[in-house]
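J.: This is the structure I want to talk about, given as structure tokens.
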Amino acid sequence: MDAVFFDLDETILDRRSSLVDFVTWQASTMLRSEITDVEQFVRKFLALDANGRVWKDVVYQSLIDAFSISEWSCKELLANYELRFNEFCKPKVGAIEAIQALKKKGHKIGLISNGKSPFQERNFTALGIADLFNTVIISEAVGYRKPDREIFNLACNSIDVLPINSIMVGDNPEADIIGANLAGLYTIYVPSHYGQACEQANACCKQLKDLADLVDAASNKNHP
Ligand SMILES: [Mg+2]
């Protein structure tokens, strides 16, 4: 396999725990005079966020209403999130080691993420491994979103590899797995809140420390 592409949120970025840390910080600094129960605020934020499916302008407006926040506007809270969330971003356990190992074995490495630009680039860069990546594709910047096969083609073209010689690693069955399958990539599913298994994926990676072996296995299947 020539290239291994990764999704960002909940594949290499531990989004949920990063978000808990950010929201806890925001509630206890910016909002300290308005929020007395920080844990309750964090729980409400996570519920409204729905694992990232709801954009934060909607989340913050609901929080302003629910907690009667008067000192800050939705726009100000959102701007704070967009600029400062990256400071709380941490990788999933084993992600950095797995990517370093793949890089050492000679695979090109790429990122394919659905999300806002430059918000997602900032979050990705904060993980400190950007120099290991040959390409970074963010949906808003390129005009295609996973599962559209065009975003996978574009990612492959950007580093001169073929989809059939590439792997997509991700946690979203539809966007990452079904989308990449349609584009002709080999797919490895990372279990998350979407579920422990994904029958459409070519392989499942329960722990990122096993990823290099799964990539080797995929390479052997392709080139017996
Ligand atoms: Mg994801």
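J.: Do we have any residue at all in the range 17-38 that's surrounded by fewer than 16 Cβ atoms within 10 Å (Cβ to Cβ), within 30 Å of LYS105 (Cβ to Cβ) and out of contact with any strand residue (DSSP E or B) (no Cβ under 6 Å at 6 or more places or on another chain)?
T.: Yes, because at least one residue in the range 17-38 is surrounded by fewer than 16 Cβ atoms within 10 Å (Cβ to Cβ), within 30 Å of LYS105 (Cβ to Cβ) and out of contact with any strand residue (DSSP E or B) (no Cβ under 6 Å at 6 or more places or on another chain).
J.: Where residues in the range 39-56 are within 16 Å of the ligand (Cβ to nearest atom) and charged (D, E, K, R), which of them is surrounded by the most Cβ atoms within 10 Å (Cβ to Cβ)?
T.: ASP49
J.: Output the number of the condition that ASN123 fails; it satisfies all remaining conditions of (1) within 25 Å of SER18 (Cα to Cα); (2) more than 16 Å from the ligand (Cβ to nearest atom); (3) polar (S, T, N, Q).
T.: Evaluating ASN123 over (1) within 25 Å of SER18 (Cα to Cα); (2) more than 16 Å from the ligand (Cβ to nearest atom); (3) polar (S, T, N, Q) leaves (2) as the failure.
J.: Then there is this: So, of the residues in the range 1-26 that are within 16 Å of the ligand (Cβ to nearest atom) and of a type in the set (S, T, N, Q), which turns out to be nearest to ARG84 (Cα to Cα)?
T.: SER18
J.: For the subset of the range 146-190 comprising residues that are more than 13 Å from the chain's Cα centre (by Cα) and part of a loop (DSSP other than H, G, I, E, B), which member is nearest to the ligand (Cβ to nearest atom)?
T.: Going through the qualifying residues, I end up with PRO147.
J.: Something else about it: Considering only the range 47-120, give the helices (runs of 4 or more DSSP H) lying wholly within it that have at least 3 residues that are in contact with a strand residue (DSSP E or B) (Cβ under 9 Å, 6 or more places away or on another chain) and either acidic (Asp, Glu) or touching a residue at least 40 places away in the same chain (Cβ under 8 Å) (or both).
T.: In the range 47-120, 95-104 are the helices (runs of 4 or more DSSP H) which contain 3 or more residues that are in contact with a strand residue (DSSP E or B) (Cβ under 9 Å, 6 or more places away or on another chain) and either acidic (Asp, Glu) or touching a residue at least 40 places away in the same chain (Cβ under 8 Å) (or both).
Laboratory data are not the source of any read-out in this text; all were calculated from the coordinates shown. Please read all numbers here as calculations on a predicted model, not as lab measurements. Note that we place each Cβ from the backbone using ideal geometry, even for glycine, and neighbour counts take in every protein chain shown.
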